[in-house]
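A.B. asks: Sharing a structure with you now.
The values are calculated or read from the model by the stated rules, or taken from the named source; none is laboratory data. Just so it is clear, the structure is predicted and the values come from calculations on it, not from any experiment. Backbone-built Cβ (ideal geometry, glycine too); neighbour counts: all protein chains shown. Surface accessibility is based on the protein's heavy atoms, side chains included, excluding ligands, DNA and RNA. Shrake-Rupley method; radii C 1.70, N 1.55, O 1.52, S 1.80 Å.
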Amino acid sequence: MSCRVTLFDIADALGISTGTVHRALHDHPGVNPMTRTRVLQMSKNMGYRPNMAARLLSKKKEFRVSVNTLKGTTSFWDGVRRGIEEEAAALGMHGADIQFRTFPSLGEGEEEAFEAAMAAESDGIIMFPSHPRSLRTRMRRASRSKIPLVCVSTDARDTGRLAVVSVDTVASGSLAADLMGRFLHRRGKVAMTLSALAITEHAEKLAGFQKTLKSLHPEISLLAPLEDHDVESEAYDKCSKLFSSHPDLAGIYVTTEASMPVVRAAQDAHVLDRLTIIATDLFPALIEQIRGGKVAATIYQRPHTQGRLAFRVLQEFLVYGRCPALRITLAPHLIMLGNLDFFLERQDSGGTRSRAADDMTSDFGLSNYD
């Protein structure tokens with residue numbers, strides 16, 4: 001997705017105010033004829049085109065944004081969708097036509113959701129590309145049609161997408177590996193579950209986990225990763241076989257929201273009390289496991305902030321033509337028993353919105369906007 005030239009760019013190039021540029025381009029009175037000529041010539045040289053989406057807004061017409069995300073088995077995707085809605089409201093876009101297209105599982109309904117978004121003539125699409133290869137042709141077609149695509153949670157390279165908003169997945173994997181090594185006193189055998197290696201975020205978590213284990217804890221051995229495709233029954237069955245085949249397994253890193261099937265499989269195999277589990281994200285059932293000492297830690301991916309940033313990126317591009325950094329990454333949050341109550345207090349309904357907004361603003365300020 002090529003970035004539009006904006007009024008800000010023309011103003012910077014000429015060393016004048018954006019207000020002057022706006023008045024010159026729209027033939028308003030009070031602009032020096034020489035300045036008007038300079039503005040018109042510079043806008044032509046830079047390839048400036050009026051932003052049609054901004055014109056729609058000025059005429060009080062709706063933005064149509066399609067949000068294509070996974071249903072999920074926990075609250076992660078609900079948090080992303082809630083963040084999108086709250087950011088639209090915070091930006092004064094209460095009338096934005098946000099159409100949620102939620103597909104039930106990986107590989108099921110994702111392509112249909114994208115086609116529906118295109119057929120609905122969406123002005124922009126926020127999406128979770130769980131199968132980038134199968135979507136690549138469609139995404140490139142959307143990009144050629146000047147429909148900006150913002151990926152959330154995971155990337156889809158070589159598709160023409162505008163940006164990706166996600167937690168730092170390599171840092172997440174590295175953090176989990178260092179924690180695991182310290183919990184196990186730098187010795188033992190560990191495993192890792194993920195949805196699918198074809199999903200960029202999971203491949204990056206694996207890469208970070210492997211690299212950190214090798215560099216900091218070389219005496220820990222890592223088994224081949226288990227792909228559960230976000231299916232709880234598959235996660236349970238594969239982990240049951242894992243625990244049976246490797247009774248000496250010391251730890252497991254669950255990179256997805258499907259941590260409860262892993263816990264149940266460990267409990268049924270009678271290895272839960274001696275197994276170090278590092279999970280991902282946070283939801284009521286997992287909170288109980290952390291309090292009970294069954295799960296050592298979880299790496300929170302900040303879904304609400306991801307949703308808010310994804311919508312902000314799209315809105316800034318459509319309205320102002322501002323181009324974000326190609327990758328906008330958030331630092332993951334580590335939650336353990338020691339800071340669990342503090343974290344939950346921050347998420348309490350009485351203070352969530354103000355704190356979430358402050359949190360998002362600090363991250364957004366580091367996103368390298370052009």
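A.B. asks: First check a/c for the range 202-257, with a ≥ b ≥ c the square roots of the eigenvalues of its C-alpha gyration tensor; if it is under 1.5, answer rounded, and if not, answer prolate when a/b is larger than b/c or oblate otherwise. Kindly include the intermediate steps, with their values, before the conclusion.
C.D. replies: Working: a/c = 3.05, a/b = 1.34, b/c = 2.27.
Oblate is the answer for the range 202-257, as a/c is 1.5 or above yet b/c matches or exceeds a/b.
A.B. asks: Now, a different point. Dividing the convex hull volume of the alpha carbon atoms of the range 250-323 by its residue count, what do you get in Å³ per residue? Can you show the working numbers first?
C.D. replies: Values: hull volume 6.5 nm³, N = 74.
So the per-residue hull volume is 88 Å³.
A.B. asks: Related question: Only Cα pairs under 8 Å and at least 6 apart count here; give the relative contact order of the range 185-253 as a rounded whole percent.
C.D. replies: Values: 79 pairs, mean separation 35.2, N = 69.
Here the relative contact order equals 51 percent.
A.B. asks: Taking Cα extents along the principal axes in Å straight from the coordinates, which label in (1) 82, 40, 38; (2) 77, 56, 55; (3) 53, 49, 34 is the correct one?
C.D. replies: (1)
A.B. asks: Step through the table entries 238/294; 44/146; 211/241; 71/214, compare each Cα-Cα distance with 28 Å, and write down the pairs that go over it.
C.D. replies: Working: 238/294 20 Å; 44/146 20 Å; 211/241 26 Å; 71/214 35 Å.
Violating the 28 Å Cα-Cα cut-off are 71/214.
A.B. asks: Of the chain, which part is the longest with no GluC sites (Glu not before Pro) in a loop (DSSP not H, G, I, E, B) and with at most 15 other C-beta atoms within 10 angstrom?
C.D. replies: Excluding the exposed sites themselves, the longest stretch runs over 220-370.
A.B. asks: Then there is this: Let me spell out the model: positive unit charges on the Cβ of Lys and Arg, negative unit charges on the Cβ of Asp and Glu, origin at the Cα centre of the chain. What dipole size does that give, in debye rounded to 20? Spell out each step's value before the answer.
C.D. replies: On the way: 45 positive and 43 negative charges, 281 e Å.
That gives the chain a dipole magnitude of about 1340 debye.
A.B. asks: What FRET efficiency do you get for residue 270 and residue 346 if R0 is 35 Å and r is their Cβ-Cβ distance, rounded to the nearest 0.05? Display every interim value, and only then the final one.
C.D. replies: Details: r = 36 Å, r/R0 = 1.04.
After rounding to 0.05, the efficiency reads 0.45.
A.B. asks: Okay, next question. At 0.36 nm per residue, minus the direct Cα-Cα distance, what do residue 90 and residue 210 gain on full extension? Give it in nm, one decimal, please.
C.D. replies: Values: separation 120, 0.36 × 120 = 43.20 nm, distance 4.04 nm.
Between residue 90 and residue 210, full extension yields an extra 39.2 nm.
A.B. asks: On to the next question. Counting only protein heavy atoms and a 1.4 Å probe, tell me what percentage of the chain's accessible area is made up of carbon and sulfur. Working shown, then result.
C.D. replies: Numbers: 8570 of 16850 Å².
Summing carbon and sulfur atoms, their accessible area is 51 percent of the total for the chain.
A.B. asks: If I build a Gaussian network model for the chain, linking alpha-carbon pairs within less than 10 angstrom, which residue out of 299, 147, 16 has the largest mean-square fluctuation?
C.D. replies: With Cα springs under 10 Å in the chain, the top fluctuation among 299, 147, 16 is at 16.
A.B. asks: With a 1.4 Å probe and every protein chain left in place, work out the accessible area per residue of the chain in Å², rounded to a whole number. If you can, show how the numbers build up before the last one.
C.D. replies: Numbers: 16850 Å² over 370 residues.
For the chain, the per-residue accessible area is 46 Å².
A.B. asks: While we're looking at this one, here's another question. Does the range 172-220 come out rounded, prolate or oblate by the C-alpha gyration tensor, with a ≥ b ≥ c the root eigenvalues, rounded set by a/c under 1.5 and, if not, prolate when a/b is larger than b/c and oblate if not?
C.D. replies: Numbers: a/c = 2.45, a/b = 2.05, b/c = 1.20.
Here the range 172-220 falls in the prolate category.
A.B. asks: Sticking with this one: Distance between the C-alpha centers of the range 123-162 and the range 298-350? Whole Å please.
C.D. replies: 20 Å
A.B. asks: Go ahead and set up a Gaussian network model of the chain, Cα springs under 10 Å, then flag whichever of 195, 105, 153 fluctuates most.
C.D. replies: Taking springs between Cα atoms under 10 Å, the residue moving most is 105.
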